[in-house]
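The values are calculated or read from the model by the stated rules, or taken from the named source; none is laboratory data. Please read these numbers as outputs of a predicted model, since none were measured by experiment. We place every Cβ from the backbone using ideal geometry, glycine too, and count neighbours over all the protein chains shown.
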Amino acid sequence: MMSSSKYERIVLKLSGEALAGGEGVGIKPDIIKNIAKQIKEARELDVEIAVIVGGGNIWRGKTGSDLGMERGNADYIGMLATVMNSLALQDSLEQLGVDTRVLTSIEMKQIAEPYIRRRAIRHLEKGRVVIFAAGIGNPYFSTDTTAALRAAEINADVILMGKNNVDGVYSADPKHDDTATKFESLSYIDMLQKNLQVMDATATSFCMDNSIPLVVFSITEEGNIKRAVLGEDIGTTITD
């Protein structure tokens with residue numbers, strides 16, 4: 001595939017909160033349309049794009065567990081929340097003329113295709129944006145881990161992690177610590193040792209073991225997905 005992008009196949013990881021804007025709850029049509037527009041811009045570079053959206057804008061399994069709900073049930077509700085977000089993003093992309101498929105780890109054939117690795121790769125090769133929903137289909141695993149696993153399965157070149165409240169990885173929370181400094185680059189070992197919590201430890205270790213680079217950047221600045229795909233110096237790059 002000939003492309004002006006740095007990468008040929010990417011996994012774009014979005015938090016559920018990224019679809020909710022500043023409020024952090026629900027799905028905001030103008031926000032999701034902006035993200036869809038950015039994804040379309042990146043797709044026009046002939047890069048193959050898989051997307052994973054969290055569900056934190058609707059439900060967090062850990063929150064339900066902390067309130068006394070059985071953890072497995074709480075996590076399954078969270079997985080269903082990711083399906084809702086995925087369908088909303090699919091609709092916005094298709095309104096822009098972007099051919100899109102939602103593949104879900106929990107079978108619900110009336111609304112999405114079941115996740116099959118070879119099918120996902122075939123969709124990507126045909127130029128479709130693929131959205132992976134319902135995590136990995138098992139409780140106790142985050143959508144960060146899903147991103148790491150799916151990236152390895154489809155042989156993605158990179159995971160692009162779009163954040164809605166920060167433009168990279170910092171030494172501390174820049175909202176509460178004026179001395180926080182931004183890292184231009186990090187190793188996965190550094191990230192674990194410094195306990196920077198960019199993604200959970202399971203996902204971090206998986207990326208490290210499988211040599212999957214990670215780029216953390218701001219999703220709120222228009223055009224940033226395209227810039228990340230082009231390899232421009234935005235955000236923080238993490239490698240093994």
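Restricting to segment 219-230, and then to whatever is at pLDDT below 95 and touching a strand residue (DSSP E or B) at 6+ places or on another chain (Cβ under 9 Å), can you tell me which residue is nearest to Glu23 (Cα to Cα)? By that ranking, first place goes to Thr220. Highlighted here are the helices (runs of 4 or more DSSP H) found entirely within segment 16-113 that include at least 2 residues which are touching a Phe, Trp or Tyr at 6+ places or on another chain (Cβ under 7 Å): 71-95. Scan segment 208-218 for residues that are out of contact with any Cys (no Cβ under 9 Å at 6 or more places or on another chain), free of Cβ contacts under 8 Å to residues at least 60 places away in the same chain and farther than 28 Å from Gly21 by Cβ and the total you get is 3.
Does at least one position in segment 127-147 carry a residue that is within 18 Å of the chain's Cα centre (by Cα), in a helix (DSSP H, G or I), surrounded by fewer than 14 Cβ atoms within 10 Å (Cβ to Cβ) and of a type outside the set (A, V, I, L, M, F, W, C)? No, segment 127-147 has no match at all.
Evaluating Gln197 against the criteria (1) in contact with a Lys or Arg (Cβ under 6 Å, 6 or more places away or on another chain); (2) free of Cβ contacts under 8 Å to residues at least 60 places away in the same chain leaves one unmet condition, (1). Determine the pairs where a residue that is within 17 Å of Ile225 (Cα to Cα) and touching a residue at least 12 places away in the same chain (Cβ under 8 Å), located within segment 14-42, has a partner that is in a helix (DSSP H, G or I) and of a type in the set (Lys, Arg) with Cβ atoms under 8 Å apart, the partner being 6 or more residues away or on another chain. Hits for this filter: Gln38/Lys226; Glu41/Lys226; Ala42/Lys226.
Looking only at residues in segment 92-126 that are small (Gly, Ala, Ser) and over 18 Å from the mean Cα position of the chain (by Cα), the one that is nearest to Gln38 (Cα to Cα) is Gly97.
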